[in-house]
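Here's the structure we're looking at; comments come further down.
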There are 2 protein chains.
Amino acid sequence: MDKSLKIFAPATVANLSCGFDVLGCCLDTVGDEMIVSLTSDPGVKITKIEGADLPLETEKNVAGVAVQALLNVYNKDIGVTIEIYKKIKAGSGIGSSAASSAGAVWAVNHLLGNPFTAHELVTFAMEGEKLASGNAHADNVAPALLGGFTLVRSYDPLDVIKLNTPKDLMITVIHPQIEVKTSDSRSVIKNNVSLKKAIRQWGNVGGLIAGLYTEDYKLIGRSLEDVIIEPLRSILIPEFESVKQAAIAKGALGCGISGSGPSIFALSKGEETANNVADAIRSVYNQTGLDFEIHVSKINNQGIKLI
Amino acid sequence: MDKSLKIFAPATVANLSCGFDVLGCCLDTVGDEMIVSLTSDPGVKITKIEGADLPLETEKNVAGVAVQALLNVYNKDIGVTIEIYKKIKAGSGIGSSAASSAGAVWAVNHLLGNPFTAHELVTFAMEGEKLASGNAHADNVAPALLGGFTLVRSYDPLDVIKLNTPKDLMITVIHPQIEVKTSDSRSVIKNNVSLKKAIRQWGNVGGLIAGLYTEDYKLIGRSLEDVIIEPLRSILIPEFESVKQAAIAKGALGCGISGSGPSIFALSKGEETANNVADAIRSVYNQTGLDFEIHVSKINNQGIKLI
């Protein structure tokens, strides 16, 4: 059994337009690195964080809290140290906290000989999400842990399903380096929706999932529509509509808000289109004067991996 | 080219718990029979209706209206006669009007050498539904025309998708012979729903469709939950909760309201379970003193067919 390992903890895109709070997918080219070790000294210690200004105290760190949740079930006397090399910026909307939580519990599980299922790891990682956002969301930690596209069918009880990933599907993500306060991105959402819009939304969720299984890229594109959250949240993201129009014009299947933003994602068929979409989005944002990062990635069907 | 043919126009179950207004499936053992003929005398004539007290006037008959919509696009000078042998009771909630509308346009299309796609036939049949209920619903005519399970992803524009049908899936339907007024089954539904319930509903829609594609019967069962419509409409159906409990206790994957009721459906894996579920439901309804019919059917993956 290894005593120490190094992992890649990927970024993830939650919601995917119609699938607010239930759908997510895993990226391949963006992610943190973590070195996780078993030690003879009981307790969870965050020994190093590079690339972000995050707390080292276990109980204030999402990775620390998630691993502690795992050890509380497995064996409280085990010692774990965690080094985190952040590449995913906090507040980007591509699952920065989820990568740390999910990566840490995945690594500890691996070091212990995999006593827990991926499904169980989701529940531990959700404790990290709870610390990060106040809500124990699973829509980023699930794709990070299971890879590919995931559906959180239910939170009560937790029921996470790994969906099929069409092989030519690519994702382009732009992260405008602005701060959108979580409280703002939440306060624009209404507690009630019209039944008519809700029906349209679940029709699209159905279409998207059917499209993923049948690898029908056009159906995936037609289903990437959000009539409930996007119209409200997109006002917080500069040039959202211009980015979306530019992406679609260059052949993207669909384009929407990644998680609660401010990142914007677009799905495309094939690498060439995904790169063209990146160029088009870059042109839009070059005119804003804002800093931004753009990522192009295939869908990572494996999730967290050893490096 | 045939001048006359006889068809089986199947009953259908719409909504399927979580999929209000978007999902439906097609039955095999319950359906109308129709004889449809081309004649030299222009216009659509309903020449005979057996088994139901329905209007013979073309413009008041759902089959007449649907065929007229088709001929308005194809050729107004064609003459069609329709005989309808109703086996599906009107107001049962298992797509009685849809069977007539869909069956008639399917038959005429067949007689004309299939100039229209199934998708186009859905739009014509929807005109019959509009006459029947005031709304151009597609969630019964789509499974009647396409067979199996169908998703109406969108009404604007119309986008109907045929889903996968797991081979061992069986359906049990009880039709309590009571009248539930359409106005009552509509008036209990609220125009707004909580976002929280809507999210739970589209999580279930996603789970059900994933379950249909992966033939994961347990996932199908877990997803057959309706937190929005069923709690409101079930009060109009005598012994709904008892029927549901009895069905689940006998191994049904799930149980809910068929369409707008009063019929109740249950999905099961395998014929033996579906029959056991029928027996259990029968026991519940035998105590009510109400008349009822029970149907057990495999899922009809073909839809309307020649007989």
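Readers should treat all values here as calculations from the given coordinates under stated rules, not as data from a laboratory. Predicted model, so just to flag it, every value in this text is computed and none were measured. FYI the Cβ positions are ideal-geometry reconstructions off the backbone, even for glycines, and counts take in every protein chain you see.
For the reader, a short list of remarks on this structure follows.
- Rounded to whole numbers, the Karplus 3J(HN,Hα) couplings from phi for segment A:141-146 are 5, 5, x, 5, 7, 9 Hz, using 6.51 cos²θ - 1.76 cosθ + 1.60 with θ = phi - 60°, and x at Gly and Pro.
- Calculated FRET efficiency for the pair B:LYS6/B:ASP53, C-beta based, R₀ 25 Å, to 0.05: 0.65
- Amide H contacts of A:PHE292 (H built 1.01 Å from N, under 5 Å, at least 5 apart or other chain): A:GLN177
- Long-range amide H partners of B:LYS45 with built H, under 5 Å: B:VAL80, B:THR81, B:ILE82
- For segment A:209-263: relative contact order, % (alpha-carbon pairs under 8 angstrom, 6 or more apart): 38 percent
- Cut-off under 5 Å, modelled amide H: who pairs with A:LYS305 long-range: A:PHE8
- Shown here for segment B:195-298: GluC sites (Glu not before Pro) in loop regions (DSSP other than H, G, I, E, B) with at most 16 other Cβ atoms within 10 Å, namely B:GLU215.
- Sorted from greatest to least, the principal axis extents spanned by the alpha carbons of the protein assembly as shown come out as 87, 59, 39 Å.
- For segment B:180-241, the alpha carbon convex hull comes to 101 Å³ per residue, rounded to a whole number.
- Cα Rg over Rh - segment A:169-298, Kirkwood: 0.97
- Percentage relative contact order, segment B:169-298, counting C-alpha pairs under 8 Å, at least six apart: 40 percent
- Using a Förster distance of 41 Å, the FRET efficiency for B:ASN286-B:SER187 (Cβ separation, nearest 0.05): 0.85
- Dipole magnitude (debye, nearest 20) for the protein assembly as shown, charges at Cβ of Lys, Arg, Asp, Glu: 140 debye
- Helix A:271-286 axis, angle to chain A major axis (alpha carbon atoms, nearest 10°): 80 degrees
- Loop-located trypsin sites (Lys or Arg not before Pro) in segment B:1-51, at most 11 other Cβ atoms within 10 Å (DSSP): B:LYS3
- Converting phi to 3J(HN,Hα) with the Karplus coefficients 6.51, -1.76 and 1.60 and the offset θ = phi - 60°, segment B:149-155 yields 9, 10, 10, 8, 4, 8, 9 Hz in sequence order, with x at every glycine or proline.
- Cleavage-rule hits, trypsin sites (Lys or Arg not before Pro), segment A:59-105, DSSP coil, Cβ neighbours within 10 Å at most 14: A:LYS76
- Between B:LEU158 and B:THR39, the distance separating the two model label sites (each 7 Å from Cα on the Cα→Cβ line) works out to 2.7 nm.
- Bridgeable lysines around B:LYS167 (alpha carbons under 21 Å apart, same-chain partners fewer than 8 residues away excluded): B:LYS218, B:LYS250, B:LYS269, B:LYS298, B:LYS305.
- Our helix-only sum for the protein assembly as shown, with -39,500 (n - 2.57) per DSSP H run of n ≥ 4 divided by its residues, gives a mean residue ellipticity at 222 nm of -11500 deg cm²/dmol.
- Counting Cβ atoms of other protein chains within 10 Å of each residue's Cβ and taking the mean over peptide A:142-155 gives 3.
- The gain in end-to-end length when the A:TYR85 to A:ALA249 segment is fully stretched comes to 55.4 nm, 0.36 nm per residue minus the alpha carbon separation.
- For the pair segment B:27-56 and segment A:120-134, the centres of their Cα atoms are 60 angstrom apart.
- Tilt relative to chain A, helix A:195-214 - C-alpha long axis, 0 to 90 degrees, to 10: 70 degrees
- Compared with the dominant principal axis of the Cα atoms in chain A, helix A:118-133 is inclined by about 80°.
- Exercise: per-residue mean of other protein chain Cβ atoms within 10 Å, B:162-175: 1
- Shielding by partners for peptide A:188-197, expressed as the average number of C-beta atoms from other protein chains within 10 Å of each residue's C-beta, is 5.
- For segment B:4-163, the Rg and Dmax computed from alpha carbons only, in angstrom: 14.2, 47
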